[in-house]
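One structure is given below, encoded as structure tokens.
The values are calculated or read from the model by the stated rules, or taken from the named source; none is laboratory data. If you're wondering where the values come from, they're calculated on a predicted model, not measured in any experiment. For neighbour counting, all protein chains shown are included, and Cβ atoms are generated from backbone atoms with ideal geometry for every residue, glycine included.
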């Protein structure tokens, strides 16, 4: 059930656009049509950047979001779990409340902030507003709270400072959770549509998701063969990430302490 649409996408990418437009797609790929992949990789479709460039932008965006979210979430969770400072609980609940506000609700003020900072049509503006994650912070906080007090005291007696305790004890303990969150956040960043559509009007910053939408354009002049082939290529990086990290991903989701 899940594989059939993907297989149909692959088969359609090797067949002429007029066949796709009139709904006569064969379920068997045409080997003679595989050359379309090399063509769109180098040239893209009419009015779009080369697919290789769009994939590179998407990969950079997904990596920046995943790594940024994990880094900020680990540090913020570490602070609220182990440090005692004024308004610590207020800081935690403020982070928690942001879960109630989806991206669509805060999209206008976020855009206003990026415009004020001069980050429209920049890679920084494309990624910065998306690298904070309340969900990841809560997950890491729960993992850190499960660390025995005896381990914390032992590390303190051995002279481990805050950074060494984080690096040598907390990060190895939460490695499976980091891997699981990396997979989820990479796919989240890869699939972003609304924010890149608003903040990046420069074709050089088109992600592959935006590129596919631009390829469709007006239905009267759609090069469906190229659209299908681009969609197939867009599936490859997230699938590779999930397959390579599957063992860690499952282990992270099955952690009893979570």
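Here residue 90 fulfils each of the conditions (1) loosely packed, with under 14 Cβ neighbours inside 10 Å; (2) assigned to a helix (DSSP H, G or I); (3) in contact (Cβ under 8 Å) with a residue 24 or more places away in the chain apart from (3).
In region 234-252 there is no residue that is under 21 Å from residue 131 (Cβ atoms), surrounded by fewer than 14 Cβ atoms within 10 Å (Cβ to Cβ), touching a helix residue (DSSP H, G or I) at 6+ places or on another chain (Cβ under 8 Å) and touching a residue at least 24 places away in the same chain (Cβ under 8 Å). Residues considered: 120, 70, 95. Of these, the only one that is over 19 Å from residue 171 (Cα atoms), touching a helix residue (DSSP H, G or I) at 6+ places or on another chain (Cβ under 8 Å) and assigned to a helix (DSSP H, G or I) is 95. Per the listing 26, 58, 48, the residue uniquely in contact with a helix residue (DSSP H, G or I) (Cβ under 9 Å, 6 or more places away or on another chain), closer than 26 Å to residue 187 by Cα and not in a helix (DSSP H, G or I) is 48.
Within the option set 240, 178, being over 24 Å from residue 55 (Cβ atoms), under 20 Å from the mean Cα position of the chain (by Cα) and in a helix (DSSP H, G or I) holds for one residue only, 178. A count restricted to region 103-150 and to residues that are surrounded by fewer than 12 Cβ atoms within 10 Å (Cβ to Cβ) and closer than 21 Å to residue 71 by Cα stands at 0. Only one of the listed residues (101, 170, 117) is out of contact with any strand residue (DSSP E or B) (no Cβ under 7 Å at 6 or more places or on another chain) and in contact (Cβ under 8 Å) with a residue 12 or more places away in the chain. That residue is 170. Would you mind stating whether residue 195 is in contact with a helix residue (DSSP H, G or I) (Cβ under 8 Å, 6 or more places away or on another chain) and either part of a helix (DSSP H, G or I) or modelled with pLDDT of 90 or more (or both)? So residue 195 passes the test.
Here residue 147 meets each of (1) part of a loop (DSSP other than H, G, I, E, B); (2) more than 30 Å from residue 200 (Cβ to Cβ); (3) free of Cβ contacts under 8 Å to residues at least 24 places away in the same chain with one exception, condition (3).
Restricting 201, 230 to residues that are out of contact with any strand residue (DSSP E or B) (no Cβ under 6 Å at 6 or more places or on another chain) and part of a loop (DSSP other than H, G, I, E, B) narrows the list to 201.
Within region 204-222, the presence of at least one residue that is in a loop (DSSP other than H, G, I, E, B) and free of Cβ contacts under 8 Å to residues at least 40 places away in the same chain is confirmed.
Set side by side, the residues 180, 200 differ, and just one is farther than 25 Å from residue 242 by Cα and surrounded by 15 or more Cβ atoms within 10 Å (Cβ to Cβ), which is 200.
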